[in-house]
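Participant: Quick one: structure below, then a few questions.
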Amino acid sequence: MDTITNLKAFVATADAGSLSGAARQLGVVPSVISKRIDQLEWRIRAPLFNRSTRKLALTDVGERYLPTVRKAIRQVDDTLAGMARASGELEGHIRVKIPTTLGVLYLSEILNNFLRSQPMISMDIVLADRSVNPLEEGFDIAIGALPELYGQVQDLPLCLMKRFLCAAPSYLERRGAPLRPADLVDHDCLVFTTSGARWEFQSDQGLIGIDVRPKLRTNHGAAICQAALAGSGIAVLSDYLASAPLKSGQLLEVLPGFAVPGLWLKALVPSSRIELPRVRILLDWLEQSLKPLPPWDTTQRANA
């Protein structure tokens, strides 16, 4: 098992980009990770990382064999999980990617509740707002709301996220309210980098697309919301961010006659992983936690 442990240290270091990051992920000190990497490099008689004072970078050998090592570790974990199932216990490791702001506010709690219910399962949770191909990047489940599809990856809808065009009263008093989507080109717009600066609206004539001028562009949803609350501009916000300030009056809905299309929060799962019992039970847990209404949909929940 020392070889498996060393291989896991190699993968964790490649994923984290540093010995300290790998150490935090595996719950050990950096010197232990360094020792495991040294043992593995001695075993194969080749370096896996180019080390410098600033960063760790994979060598050609490390880059070439990282996918193979990741697959081998999964096969070992799956074998151990199968042996555990024979004894009636679910066991194994799950690697999950979740969106940053939604993850901090809601999904982390859902996943932690799952872990408490399954004492023999462990989990890596990676927060990122970019699109992720779980098959290529070694995730069992990648949760997100971007429309990308990937080969050999199943796309499972979890819940619909409503979106609203919002601004603070102070901004609208200062700049005036747009009357139609085309007016947004003359306004300060707060843009979520991943979604882009082309905003779409539903109308009686169909879908309208507008290329807005970013006053602020950021890859963090909470930062967009904070800027809107501060009166810096107009933003498209998902309901998990917008509902509370809209209800309190801190934000006002802009262009209410032109709805912003919602986005489906989805779980992307490699076809080769979806029938693993530990992955299947986590997907069931996510569906039960987010349907029929997600925990942030307090208005409809109160009326349900």
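The values are calculated or read from the model by the stated rules, or taken from the named source; none is laboratory data. Quick caveat, the model's predicted, so the values are computed rather than measured. Using ideal geometry, Cβ is built from the backbone for each residue, glycine included, and neighbour counts are taken over all protein chains shown. What goes into the accessible areas is simple: the full protein's heavy atoms, side chains included, and nothing from ligands, DNA or RNA. Shrake-Rupley method; radii C 1.70, N 1.55, O 1.52, S 1.80 Å.
Participant: Can you confirm whether region 170-180 contains a residue that is out of contact with any helix residue (DSSP H, G or I) (no Cβ under 8 Å at 6 or more places or on another chain), hydrophobic (A, V, I, L, M, F, W, C) and surrounded by 13 or more Cβ atoms within 10 Å (Cβ to Cβ)?
Facilitator: Scanning region 170-180 turns up at least one residue that is out of contact with any helix residue (DSSP H, G or I) (no Cβ under 8 Å at 6 or more places or on another chain), hydrophobic (A, V, I, L, M, F, W, C) and surrounded by 13 or more Cβ atoms within 10 Å (Cβ to Cβ).
Participant: Do you know which of the residues in region 232-252 that are among the polar types (S, T, N, Q) and over 26 Å from the mean Cα position of the chain (by Cα) is surrounded by the fewest Cβ atoms within 10 Å (Cβ to Cβ)?
Facilitator: Ser248
Participant: Do you know which of the residues in region 218-231 that are without any contact (Cβ under 8 Å) to a residue 40 or more places away in the chain and small (Gly, Ala, Ser) is most open to solvent (accessible area, probe 1.4 Å)?
Facilitator: Looking at residues that are without any contact (Cβ under 8 Å) to a residue 40 or more places away in the chain and small (Gly, Ala, Ser), I get Ala223.
Participant: Restricting region 87-142 to residues that are in a loop (DSSP other than H, G, I, E, B), open to solvent by 10 Å² or more (accessible area, probe 1.4 Å) and of a type in the set (D, E, K, R), which is farthest from Gln288 (Cα to Cα)?
Facilitator: If we take residues in region 87-142 being in a loop (DSSP other than H, G, I, E, B), open to solvent by 10 Å² or more (accessible area, probe 1.4 Å) and of a type in the set (D, E, K, R), then Arg130 is farthest from Gln288 (Cα to Cα).
Participant: Right, here's the next one. If I filter region 5-22 for residues that are assigned to a loop (DSSP other than H, G, I, E, B) and open to solvent by 80 Å² or more (accessible area, probe 1.4 Å), do I get at least one hit?
Facilitator: Checked region 5-22: no residue is assigned to a loop (DSSP other than H, G, I, E, B) and open to solvent by 80 Å² or more (accessible area, probe 1.4 Å).
Participant: Report the residue count in region 181-202 for those that are open to solvent by less than 10 Å² (accessible area, probe 1.4 Å) and under 16 Å from Arg163 (Cα atoms).
Facilitator: Total satisfying the criteria: 5.
Participant: Name the residues in region 125-169 that are farther than 23 Å from Arg278 by Cα and among the polar types (S, T, N, Q), would you?
Facilitator: Scanning region 125-169 gives a single hit, Ser131.
Participant: Next question. Which numbered condition trips up Phe258, out of (1) part of a loop (DSSP other than H, G, I, E, B); (2) of a type outside the set (Val, Ile, Thr); (3) touching a strand residue (DSSP E or B) at 6+ places or on another chain (Cβ under 7 Å); (4) more than 23 Å from Asp183 (Cβ to Cβ)?
Facilitator: Among (1) part of a loop (DSSP other than H, G, I, E, B); (2) of a type outside the set (Val, Ile, Thr); (3) touching a strand residue (DSSP E or B) at 6+ places or on another chain (Cβ under 7 Å); (4) more than 23 Å from Asp183 (Cβ to Cβ), Phe258 violates only (4).
Participant: Would you mention how many residues in region 143-164 are out of contact with any Pro (no Cβ under 8 Å at 6 or more places or on another chain), closer than 17 Å to Pro67 by Cβ and outside any loop (DSSP other than H, G, I, E, B)?
Facilitator: Number of matching residues: 0.
Participant: In addition: Could you say whether any residue in region 208-217 is open to solvent by 40 Å² or more (accessible area, probe 1.4 Å) and touching a Pro at 6+ places or on another chain (Cβ under 6 Å)?
Facilitator: yes
Participant: Looking only at strands (runs of 3 or more DSSP E) that lie completely in region 165-234, which have at least 1 residues being more than 24 Å from Gly144 (Cβ to Cβ)?
Facilitator: So the answer is 198-203, 206-211, 214-218.
Rundown of residues vs (1) surrounded by fewer than 21 Cβ atoms within 10 Å (Cβ to Cβ); (2) at pLDDT 90 or above; (3) within 27 Å of Asp239 (Cα to Cα), yes/no style:
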site	(1), (2), (3)
Val269	no, yes, yes
Ser272	yes, no, no
Pro294	no, yes, yes
Asp297	yes, no, yes
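Participant: Quick one: in region 23-51, of everything that is assigned to a loop (DSSP other than H, G, I, E, B) and open to solvent by 70 Å² or more (accessible area, probe 1.4 Å), which residue is farthest from Gly138 (Cα to Cα)?
Facilitator: Of everything passing the filter in region 23-51, Arg45 is farthest from Gly138 (Cα to Cα).
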